Structure formats: C-alpha cells, structure tokens
Amino acid sequence: QVQLVESGGGLVQAGGSLRLSCAASGRTVSSYVMGWFRQAPGKEREFAARITWSYGSTYYTDSVKGRFTISRDNAKNTVYLQMNSLKPEDTAVYYCAATRRGLQTQSYLYDYWGQGTQVTVSS
C-alpha cells in the first residue's frame, strides 16, 4: 500500500506560480513511478507530468512543457510540481498518483491516488 497526500494548491493570478507537494508513504515507494494529473470541471482527468524515483527521469505533456517542473526528494519521499507562468486553463484539481507499471501516462494504469488539491488561476 502507498499513501499519497497532496498540498500546495490555491488561488493565483495568471502568470503566477505555485508549488504542489505530494508526500508518499508505504513500502518500497522508491520502486514506483510518480505522476501528476489534473481534472478541470466537466473534463476528463489528464496527465501532466511523471518522474521516476530511482533516476529522476521526467516527462511532460506538451501543454505544460517549459512551464511546469516535476522533481523529487528521496530523503523526504516527496514529489513536487513547480508550476510557473500559470494560465486560467491550468485551473483544475491536481492529483498525485503512483504506478509500478512503468512509464505510464494513462490514469487507469496508476494504482494509488491522493485526494487532490485545487488550483485556480484567475485572469
């Protein structure tokens, strides 16, 4: 079992920044790939970024590339999502997730999920 707890969401003006955190606990967390997903009202949950615990390899969806940075602190078992140059279309509930099925971008292939944190970007 893996437990994930997100924090760091809030309200920010367009062009601003936020940093989300995802604290992970449980056995062999380091064997998982960690992902950030987001879900806007009336839309499906979509992949934003992922990172491997072991090598720190990262991957981003095109819409956030160059603006968002995913990172991890192995000592704290925490994954971060630094979000810069935020746009109103980034408004969503952001979820942290974990998978042992490799380098995935599909939400149904992630086994553990946090409760989500709201990010609202005003224009």
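For the condition farther than 27 Å from Gly42 by Cα and either at pLDDT 95 or above or open to solvent by 60 Å² or more (accessible area, probe 1.4 Å) (or both), what is the one hit in Asn84, Asn74?
That would be Asn74, the only listed residue that is farther than 27 Å from Gly42 by Cα and either at pLDDT 95 or above or open to solvent by 60 Å² or more (accessible area, probe 1.4 Å) (or both).
Mind listing just one residue for me: the one in the stretch 19-42 that is in contact with a helix residue (DSSP H, G or I) (Cβ under 9 Å, 6 or more places away or on another chain) and crowded, with 17+ Cβ neighbours inside 10 Å and, of those, farthest from Gly116 (Cα to Cα)?
Result: Gly35.
When the residues of the stretch 1-31 are narrowed to those that are touching a Phe, Trp or Tyr at 6+ places or on another chain (Cβ under 6 Å) and at pLDDT below 95, which ends up farthest from Val64 (Cα to Cα)?
Val2
Of the conditions (1) among the small types (Gly, Ala, Ser); (2) closer than 18 Å to Ala14 by Cα; (3) surrounded by fewer than 20 Cβ atoms within 10 Å (Cβ to Cβ), Ala92 clears all except one; give me its number.
Here Ala92 clears every test but (3).
Restricting attention to the stretch 56-71, and to residues there that are more than 10 Å from the chain's Cα centre (by Cα) and among the small types (Gly, Ala, Ser), which single residue is most open to solvent (accessible area, probe 1.4 Å)?
Going through the qualifying residues, I end up with Gly66.
Since Leu11 meets every condition but one in (1) under 14 Å from Lys87 (Cα atoms); (2) open to solvent by less than 50 Å² (accessible area, probe 1.4 Å), which condition does it not meet?
With respect to (1) under 14 Å from Lys87 (Cα atoms); (2) open to solvent by less than 50 Å² (accessible area, probe 1.4 Å), Leu11 is out only on (2).
Could you please let me know if Gln13 is in contact (Cβ under 8 Å) with a residue 24 or more places away in the chain, more than 14 Å from the chain's Cα centre (by Cα) and farther than 27 Å from Val121 by Cα?
No: the conditions fail for Gln13.
Scanning for something within 19 Å of Val2 (Cα to Cα), free of Cβ contacts under 8 Å to residues at least 60 places away in the same chain and assigned to a strand (DSSP E or B), does the stretch 102-115 turn up at least one residue?
Checked against the condition, which is being within 19 Å of Val2 (Cα to Cα), free of Cβ contacts under 8 Å to residues at least 60 places away in the same chain and assigned to a strand (DSSP E or B), the stretch 102-115 yields no hits at all.
Residue pairs, Cβ under 7 Å, 6 or more apart or interchain, first in the stretch 68-88 and in a loop (DSSP other than H, G, I, E, B), second among the aromatic types (Phe, Trp, Tyr). List them.
Within 7 Å, the pairs are Asn74/Trp53.
The values are calculated or read from the model by the stated rules, or taken from the named source; none is laboratory data. Quick caveat: nothing in here was measured; it's all calculated off a predicted structure. All Cβ positions, glycine included, derive from the backbone under ideal geometry; neighbour counts span all protein chains shown. Side chains included, ligands, DNA and RNA excluded: accessible areas come from the protein's heavy atoms. Shrake-Rupley method; radii C 1.70, N 1.55, O 1.52, S 1.80 Å.
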